[in-house]
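J.: Handing you a structure now.
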Amino acid sequence: MARVITYGTFDLLHYGHIRLLERAKQLGDYLIVGVTSEDFDRRRGKINTHQSLMERMAAVRALGIADEIIVEEYVGQKIDDIKRYDIDIFTVGSDWTGQFDYLKEYCTVIYLPRTEGVSSSDIRAQGADISVSTTDSSGIWKKFANECEYVNGVRTTDNRDECKAIYVTSLPDKHYEDIRQALLEDKHVICESPIATKAEHVKELFALARNKGLVLMDGIKPAYSTAYSRLLVLLKSGAIGEVVSVDAVCTSLSDLSNSEGEIEGRWNSMCAWGPTALLPVFQILGTGYKCKHIVSRYIDEEKTFDGFTKIDFEYENAVASIKVAKAAKSEGSLVVTGTKGYVYVPAPWWKMDYFEIRYENAADNKRFFYQLDGEGIRYEIVAFSKMIETGKDFSNISEDVSVAIAQTIEDCILHT
């Protein structure tokens, strides 16, 4: 009995997919179909699959062509699968011609003709035409624009009148007015966090977006990385027992003054790093802390620019601490302490692609590795575009967390 295996994303299953699977089945007696996971597919270029892994597997299963369906999750798995399932023939579409010749050492490799004129990428692109403009052409915008090249159906434009969405990258004290104006113009908005420097303004903007049927998304990049999402799931599953402490540090050193030695702008330490450092605190322990203690070191006489800020939070059964700085340097790690073990994410934790769970017995320690593309911006854009297209909530940051971040920044300003 000849055993055949093939792989694919199979997003938005179409006639081309069906024809390929039918031809693959004709090559032998037993067909195994590997459906690529979101994590693995991200390493292959376009990442905005419209359907979840479970939905894509169900669609392939419903065809009744595959005898067995597996998940492709890591580099090198094809060789492992060929050995594990005693495969005779490996086959994929002709658009991959030559790229899997290395598998000929293990089985027969056949490249099947592709059905012309049909592709998931084209279908996705036809379903979305999201043009994004910005409030400020800064380095942040340039990174965002570069990452849009990897997402089907999303493009950038300098013409604010023709755009469907606005990326707010202006100074924090201008966010409220910029977002409000964009929403009044019926534009969807993604904002470089914080959404505003006052909690009431954040609530008002979210309410305005809801009333107008628009998307308002808080742009904190780590929230969209695979590693961070998996970390939250593991913590909820009790991997380290009950969480008793969260400690997050975000610092950077840069030239903060202009040629006259004056402090430029209002991207102080709390506005620049506060949302990122606060994210794991509020998403792991919640926003219902009992009290907090703020200590800041300012680098201007007006005390508007904190070069360093430390905030300690007290919860009912836990504590948390953040340190943020643009005029001081520290180890930018994230540590989550639990009753059975702890999570350690090395610096810079906000570009998380790896973390460890450590226990009393070091032999029980576990390491987790994940792909991170575009510092998380790419995944953020995908979530934003899906929200616009479908009207569903794909944001990884809840409104109450955005409000709590703004409230903390507001309290820091009042603290001065």
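J.: So how many residues does the range 69-89 have that are outside any helix (DSSP H, G or I) and free of Cβ contacts under 8 Å to residues at least 12 places away in the same chain?
T.: Qualifying residue count, the range 69-89: 1.
J.: Separate question: Which of the residues belonging to the range 120-140 are surrounded by fewer than 19 Cβ atoms within 10 Å (Cβ to Cβ) and at pLDDT 85 or above?
T.: Result: Ser131, Ile140.
J.: Hey, any hits in the range 226-235 for a residue that's surrounded by fewer than 20 Cβ atoms within 10 Å (Cβ to Cβ) and among the small types (Gly, Ala, Ser)?
T.: Yes, the range 226-235 contains at least one residue that is surrounded by fewer than 20 Cβ atoms within 10 Å (Cβ to Cβ) and among the small types (Gly, Ala, Ser).
J.: Take the residues of the range 299-358 that are assigned to a loop (DSSP other than H, G, I, E, B) and closer than 20 Å to Lys236 by Cβ: which is nearest to the chain's Cα centre (by Cα)?
T.: Met352
J.: Considering Ser330, Ser296, which residue is of a type in the set (Ser, Thr, Tyr), buried (at least 16 other Cβ atoms within 10 Å of the Cβ) and on the phi < 0 side of the Ramachandran plot?
T.: Every option except Ser296 fails the conditions.
J.: To continue, here is another question. Specify which of the listed residues (Val189, Val244) is out of contact with any Pro (no Cβ under 9 Å at 6 or more places or on another chain), in the same structural domain as Val281 (by TED's automatic domain parsing) and outside any helix (DSSP H, G or I).
T.: Val244
J.: Could you please find all residues in the range 386-398 being under 26 Å from Trp349 (Cα atoms) and either surrounded by 19 or more Cβ atoms within 10 Å (Cβ to Cβ) or assigned by TED's automatic domain parsing to the domain that holds Cys191 (or both)?
T.: Ser395, Asn396, Ile397
J.: Would you mind telling me which numbered condition in (1) free of Cβ contacts under 8 Å to residues at least 40 places away in the same chain; (2) part of a helix (DSSP H, G or I) Cys412 fails?
T.: Condition not satisfied by Cys412: (1).
Let's see how each residue does on (1) under 24 Å from Glu389 (Cβ atoms); (2) buried (at least 20 other Cβ atoms within 10 Å of the Cβ); (3) of a type in the set (Lys, Arg):
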{"site": "Val151", "(1), (2), (3)": "yes, yes, no"}
{"site": "Val154", "(1), (2), (3)": "yes, yes, no"}
{"site": "Thr157", "(1), (2), (3)": "yes, no, no"}
{"site": "Arg160", "(1), (2), (3)": "yes, no, yes"}
{"site": "Ile179", "(1), (2), (3)": "yes, yes, no"}
{"site": "Val189", "(1), (2), (3)": "yes, yes, no"}
{"site": "Pro194", "(1), (2), (3)": "no, yes, no"}
{"site": "Glu200", "(1), (2), (3)": "no, no, no"}
{"site": "Lys203", "(1), (2), (3)": "no, no, yes"}
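The values are calculated or read from the model by the stated rules, or taken from the named source; none is laboratory data. Treat the numbers as computed from the prediction; the structure is a model and nothing was measured. Methodologically, a virtual Cβ is constructed for each residue, glycine included, from the backbone with ideal geometry; neighbour enumeration extends over all protein chains shown.
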